[in-house]
1. Within the stretch 68-75, can one find any residue that is in a loop (DSSP other than H, G, I, E, B), within 24 Å of HIS149 (Cβ to Cβ) and in contact (Cβ under 8 Å) with a residue 24 or more places away in the chain?
2. What number of residues within the stretch 155-182 are surrounded by 15 or more Cβ atoms within 10 Å (Cβ to Cβ) and either of a type in the set (Ser, Thr, Tyr) or assigned to a strand (DSSP E or B) (or both)?
3. Tally up the residues in the stretch 20-40 that are under 22 Å from ALA67 (Cβ atoms) and either aliphatic (A, V, I, L, M) or touching a helix residue (DSSP H, G or I) at 6+ places or on another chain (Cβ under 9 Å) (or both), please.
4. May I ask you to verify whether ALA137 is closer than 20 Å to VAL202 by Cα and in contact with a helix residue (DSSP H, G or I) (Cβ under 7 Å, 6 or more places away or on another chain)?
5. Where residues in the stretch 98-110 are part of a loop (DSSP other than H, G, I, E, B) and within 14 Å of the chain's Cα centre (by Cα), which of them is nearest to VAL174 (Cα to Cα)?
6. Return the residues of the stretch 39-67 that are at pLDDT 95 or above, out of contact with any Leu (no Cβ under 9 Å at 6 or more places or on another chain) and not in a helix (DSSP H, G or I); say none if nothing qualifies.
7. Please specify each residue of the stretch 140-151 satisfying the condition of being touching a residue at least 60 places away in the same chain (Cβ under 8 Å) and buried (at least 17 other Cβ atoms within 10 Å of the Cβ).
8. For the subset of the stretch 107-134 comprising residues that are touching a Ser or Thr at 6+ places or on another chain (Cβ under 9 Å) and under 22 Å from LEU204 (Cβ atoms), which member is surrounded by the fewest Cβ atoms within 10 Å (Cβ to Cβ)?
Amino acid sequence: MIAIVDYGRGNLGSVQQGFARLGVETRVSADPEEVVRADAVVFPGVGAFRDCLHHLRARGLDEALRAVVQAGRPLLAICVGMQALLSESEEFGPSPGLNLLAGHVRRFPEATPAGRLKVPHMGWNQLHLRRPCPLLAGVPEGAYVYFVHSYYAVPCQEEVVVATTDYGLDFASVLWHDNLYATQFHPEKSQGWGLRILENFVTLSRGKRPCR
């Protein structure tokens with residue numbers, strides 16, 4: 001069973017529909033015990049970092065996510081969900097994250113050497129692959145995926161970054177460490193390549209490695 005974490009925020013319906021397109025049944029759950037029992041967990045995110053963490057902690061879902069990671073079961077974090085994995089965000093002042101990955105979350109600068117940026121970063125952009133990752137099996141260099149965000153993750157350990165995207169600067173768009181996978185973009189909104197990523201996650205949830 002794949003659980004989609006319901007902390008009162010997030011694009012739960014579209015994520016569930018993405019898996020449904022693959023013929024995969026998922027369960028939206030706000031129950032920490034049910035999340036911990038799941039074979040794999042999806043942690044979607046929409047909105048502000050601090051708000052996301054507040055609602056997670058109020059429901060005990062922060063500890064449930066830690067337990068999933070410690071148990072070695074696959075966890076996929078999406079958008080603000082990915083940012084929440086890090087140590088801290090500067091959004092609305094310093095706010096602590098889950099600290100499952102060391103690092104910080106920063107806002108896109110509106111002025112860069114390449115010119116002014118429109119913030120939020122919204123729309124289709126490319127993935128630039130740094131190293132192989134089972135979540136991205138079959139996804140080619142330069143694949144287009146869909147983003148909506150004003151902040152980006154800066155992990156302390158470069159080796160957890162498996163793909164970057166250029167938007168005035170190169171930012172981490174896919175992270176991977178052991179059983180922890182994260183995308184800054186929305187796979188459920190990224191059409192063909194997004195569905196391939198969700199399909200790869202389903203394969204990982206069954207204890208298998210996706211084929212290239």
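The values are calculated or read from the model by the stated rules, or taken from the named source; none is laboratory data. Everything quoted here is computed from the prediction, not taken from an experiment. Methodologically, a virtual Cβ is constructed for each residue, glycine included, from the backbone with ideal geometry; neighbour enumeration extends over all protein chains shown.
1. Scanning the stretch 68-75 turns up at least one residue that is in a loop (DSSP other than H, G, I, E, B), within 24 Å of HIS149 (Cβ to Cβ) and in contact (Cβ under 8 Å) with a residue 24 or more places away in the chain.
2. Within the stretch 155-182, residues that are surrounded by 15 or more Cβ atoms within 10 Å (Cβ to Cβ) and either of a type in the set (Ser, Thr, Tyr) or assigned to a strand (DSSP E or B) (or both) number 17.
3. 14
4. Values: closer than 20 Å to VAL202 by Cα: yes; in contact with a helix residue (DSSP H, G or I) (Cβ under 7 Å, 6 or more places away or on another chain): yes.
Spelling it out, ALA137 is indeed closer than 20 Å to VAL202 by Cα and in contact with a helix residue (DSSP H, G or I) (Cβ under 7 Å, 6 or more places away or on another chain).
5. LEU101
6. ASP39, ARG59, GLY60 - these are the residues of the stretch 39-67 that are at pLDDT 95 or above, out of contact with any Leu (no Cβ under 9 Å at 6 or more places or on another chain) and not in a helix (DSSP H, G or I).
7. HIS149, TYR151
8. Of everything passing the filter in the stretch 107-134, ARG130 is surrounded by the fewest Cβ atoms within 10 Å (Cβ to Cβ).
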